[in-house]
1. With Gly168, Gly132 as the choices, which residue is more than 21 Å from Leu44 (Cα to Cα) and either of a type in the set (Val, Ile, Thr) or modelled with pLDDT of 95 or more (or both)?
2. Scan the range 30-46 and give yes if some residue there is crowded, with 19+ Cβ neighbours inside 10 Å, on the phi > 0 side of the Ramachandran plot and in contact with a helix residue (DSSP H, G or I) (Cβ under 8 Å, 6 or more places away or on another chain), otherwise no.
3. Residue by residue through the range 102-144, note down the ones that are assigned to a loop (DSSP other than H, G, I, E, B), out of contact with any helix residue (DSSP H, G or I) (no Cβ under 8 Å at 6 or more places or on another chain), open to solvent by 40 Å² or more (accessible area, probe 1.4 Å) and touching a residue at least 12 places away in the same chain (Cβ under 8 Å).
4. Among (1) at pLDDT 95 or above; (2) assigned to a loop (DSSP other than H, G, I, E, B), there is one condition Phe81 misses while meeting the rest; what is its number?
5. Given the structure, is Pro83 crowded, with 22+ Cβ neighbours inside 10 Å, in contact with a Ser or Thr (Cβ under 9 Å, 6 or more places away or on another chain) and not hydroxyl-bearing (Ser, Thr, Tyr)?
6. Any chance the range 60-74 includes a residue that's without any contact (Cβ under 8 Å) to a residue 60 or more places away in the chain, within 16 Å of Gly20 (Cα to Cα) and crowded, with 19+ Cβ neighbours inside 10 Å?
7. Given the criteria in a loop (DSSP other than H, G, I, E, B), of a type in the set (Asp, Glu) and over 18 Å from the mean Cα position of the chain (by Cα), does Glu151 qualify?
8. Determine whether the range 189-198 contains at least one residue that is of a type in the set (A, V, I, L, M, F, W, C) and surrounded by fewer than 16 Cβ atoms within 10 Å (Cβ to Cβ).
Amino acid sequence: AQERGLAATFMAKPSESEPGSGGHIHLSLQDGRGEPALGVGGSLSEPGRSFLAGLLSHTPELTLLHAPLVNSYRRLQPGSFAPVNVCWSGDNRTAMVRVLGGAATRFEFRLPGADMNPYLSFAAVLAAGLEGIDRRLAPPPPIAGSAYGKELPTVPGDLGEATALFAGSALAAQALTPAVHAHLVALARKERDEHRRAVTGWQLRR
């Protein structure tokens, strides 16, 4: 970037007129024998169904770990090929989770932006999925067609909403330890409060 006179950025949405920058996670699991645990060829095993159900069920309260900044939520807009609804499908880039085939079934988790901390985002995916396996949850049916405009559960719409859900998440405190959970809540609230004090060019133009 420097050689071209540019600056690299990991902002999720650096431009109003351009698509956002995602940090999608592609995930597959193996059992103790080294066999595919989520399924094969795009089909879902029982653990795969439960992992998927946990990921769908718990992602709203853990969204902060996938979208940690005010700007993160500029990317998560309807019609942007970034997910806003909690759903899954096959080869469908409007769904939050794509279930894909091959020798081992894998998930493409499309919520995280380029600004996420990968360690925290991976931890959130694993905590949600393993909770689904422990509780033997069942996923809803896959969606058909565009996920936008459907009556579906949604991810938080801004940092304030995401912070409130994360602060009340027992799963987050259990998976990350109460001390780390409290620290991340404090960081998010500081980011939220800094944004509330800022006067932007958009506000002045309005």
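1. Gly168
2. yes
3. Result: Gly102, Ala103, Pro142, Ala144.
4. With respect to (1) at pLDDT 95 or above; (2) assigned to a loop (DSSP other than H, G, I, E, B), Phe81 is out only on (1).
5. So Pro83 fits the description; yes.
6. Yes, the conditions are met somewhere in the range 60-74.
7. Taking the combined requirement at face value, the residue satisfies it.
8. Yes: one or more hits.
The values are calculated or read from the model by the stated rules, or taken from the named source; none is laboratory data. What you see is a predicted model; the values in this text were computed from it and never measured. When we count neighbours, we look across all protein chains shown, and the Cβ atoms used for this are built from the backbone with ideal geometry, even at glycine. Side chains are part of the model used for accessible areas, which takes the heavy atoms of the whole protein and leaves out ligands, DNA and RNA. Shrake-Rupley method; radii C 1.70, N 1.55, O 1.52, S 1.80 Å.
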